Structure formats: C-alpha cells, structure tokens
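The values are calculated or read from the model by the stated rules, or taken from the named source; none is laboratory data. Because the structure is predicted, anything quoted here is derived from the model rather than measured. Please note: Cβ atoms are built from the backbone with ideal geometry, for glycine as well, and neighbour counts cover all protein chains shown.
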C-alpha cells in the first residue's frame, strides 16, 4: 500500500506501508492492503503506520483520509514526528489555555471556549505522542532544557 500524508506545507510522508492506523472521528481506524474504498474525517490524534517492519507515529491535527486501490491519502493541518515536537512549548500552551479558559463564560462565549479546548487537545496530543514514541535522546533533551520564558 502507498501512504501519502499531506499538510498545507506540502507532502510530509510518501511511503510503502503494510498498515495504517488513524484517529477517525468515529474511532480508531485500521487500514490493511485490500481495504474497501473509504473517505472519512480525522480528529486530533496519533497516526501510525508500518513501513519496512518499523512503526512510525505522527501527531496529527484532524483532517481527512481517503483509501482507494491500496492508496491511502491523509490530508491534515499538521503531522509531526515525536522527536520534532517541542514538548516544552506544548506544555506552555496547555498552561495558557488553562489560564485563559477560566476567564471565559461558556454560556456567552461558547465558540471561544471550543477554540481553546481544541488548542489544548492539540497540545496534549503532541505531548502524549512525544512522550510515548520519542527516542530516549530526544526525551532527555526535553527534560534537560531550561523552561521557556514567556512561552
């Protein structure tokens, strides 16, 4: 099967894969060769695929996935490999959201509350993906990095 992951910045991944696991809006989706044609929306979560006997994980930010004739195309806002994720920045984002959301009235500003909750979900997904699937060297750098001022 061929997998292509595309973001607004262009093609992120193009690989021959043996399986794909995606965060579908209705639940996790597993795709194997010969899968029936499918078009579905994706949610914030982890996209995983197996290529060359190795499992690769990406933190994705929603989007769409199409499966047709052993061709899997994922269109998403972002797709980040665990070692490329700035965990300190993501943690700071969660803290900012937590600080900002308490100042809002969910009754009068439901759109703003929903926007902040999506931002927090993206940051938490990035943190979880990095912590679960990052290499030991990358995680050590995160732990040893000084806190970011004003992050």
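A few remarks follow.
- Among (1) more than 23 Å from residue 59 (Cα to Cα); (2) modelled with pLDDT under 90; (3) surrounded by 11 or more Cβ atoms within 10 Å (Cβ to Cβ) - the single one residue 139 does not satisfy: (1)
- Restricting the range 58-71 to residues that are in contact (Cβ under 8 Å) with a residue 24 or more places away in the chain and crowded, with 18+ Cβ neighbours inside 10 Å, the residue that is nearest to residue 1 (Cα to Cα): 67
- The lone criterion from (1) under 15 Å from the mean Cα position of the chain (by Cα); (2) crowded, with 17+ Cβ neighbours inside 10 Å; (3) modelled with pLDDT of 90 or more left unmet by residue 134 is number (3).
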